[in-house]
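The structure appears right after this line, and notes come after that.
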């Protein structure tokens with residue numbers, strides 16, 4: 001079992017390779033697939049956005065069996081997603097959770113648009129996503145930032161990532177116990193569509 005810090009360093013190095021266009025170093029061949037048939041020991045749990053431009057395995061240059069990836073629009077946290085994180089952390093002993101959002105997130109922009117001009121007959125399923133992102137946007141809309149759409153989206157993306165990471169830290173007794181007693185680390189990170197770089201900014205240990 002990899003410690004949270006070791007796993008975090010592996011992800012950071014993998015992202016550096018990805019940014020430098022030196023990815024593809026992780027194992028994914030038939031021999032490696034055969035080794036994984038009997039079980040898995042993912043080094044990190046990634047709760048990321050479903051956006052097709054942010055595949056976690058590629059972004060972090062990891063291979064088969066390296067990441068337990070959960071994807072949902074807007075990297076929101078709902079009960080089934082918390083349960084998925086709990087499952088991997090408890091069953092596989094994975095000690096790092098990364099909430100991975102990204103720049104110019106469509107779910108964030110849709111939430112801002114919905115709050116400015118509510119649509120009629122919106123899908124209740126889509127509304128459930130918007131409603132979970134809404135608190136991260138509401139406070140920003142009370143400030144002067146509301147007049148700068150680009151800045152508003154930028155800050156809302158980060159606020160939403162932090163909110164999801166905080167929900168995982170404090171919204172599950174299982175995860176809270178693992179954080180307090182067994183070295184589980186939950187961090188928030190933003191992927192830049194422009195540069196490919198991942199910025200780990202929320203919940204990082206002071207010495208990193």
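The values are calculated or read from the model by the stated rules, or taken from the named source; none is laboratory data. Since this is a predicted model, take the numbers as computed values, not measurements. Note that we place each Cβ from the backbone using ideal geometry, even for glycine, and neighbour counts take in every protein chain shown.
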**Message:** For the range 19-39, check the following and say yes or no: at least one residue is under 30 Å from residue 110 (Cβ atoms) and modelled with pLDDT of 95 or more.
**Reply:** yes
**Complete:** Filtering the range 98-117 down to residues that are touching a helix residue (DSSP H, G or I) at 6+ places or on another chain (Cβ under 6 Å) and either farther than 17 Å from residue 138 by Cβ or not in a helix (DSSP H, G or I) (or both) yields 99, 101, 105
**Request:** Check residue 188 against each of (1) in contact with a helix residue (DSSP H, G or I) (Cβ under 6 Å, 6 or more places away or on another chain); (2) over 19 Å from residue 96 (Cβ atoms) and name the one condition it does not meet.
**Result:** (2)
**Asked** Out of all the residues in the range 146-161, which are surrounded by 13 or more Cβ atoms within 10 Å (Cβ to Cβ) and more than 17 Å from residue 103 (Cα to Cα)?
**Response** 146
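Is the range 188-207 home to any residue that is farther than 22 Å from residue 59 by Cβ and part of a helix (DSSP H, G or I)?
Within the range 188-207, the first condition is being farther than 22 Å from residue 59 by Cβ, and the residues that meet it are 206-207.
Now drop any that are not part of a helix (DSSP H, G or I), which leaves none.
The answer is no, given that none of the residues of the range 188-207 is farther than 22 Å from residue 59 by Cβ and part of a helix (DSSP H, G or I).
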**Prompt:** Scanning for something part of a helix (DSSP H, G or I), closer than 18 Å to residue 164 by Cβ and within 12 Å of the chain's Cα centre (by Cα), does the range 80-91 turn up at least one residue?
**Reply:** yes
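Yes or no, residue by residue, for (1) at pLDDT 95 or above; (2) farther than 18 Å from residue 95 by Cβ:
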position: 111; (1), (2): no, yes
position: 130; (1), (2): no, yes
position: 146; (1), (2): no, yes
position: 153; (1), (2): yes, yes
position: 156; (1), (2): yes, yes
position: 162; (1), (2): yes, yes
position: 173; (1), (2): yes, no
position: 196; (1), (2): yes, yes
position: 203; (1), (2): yes, no
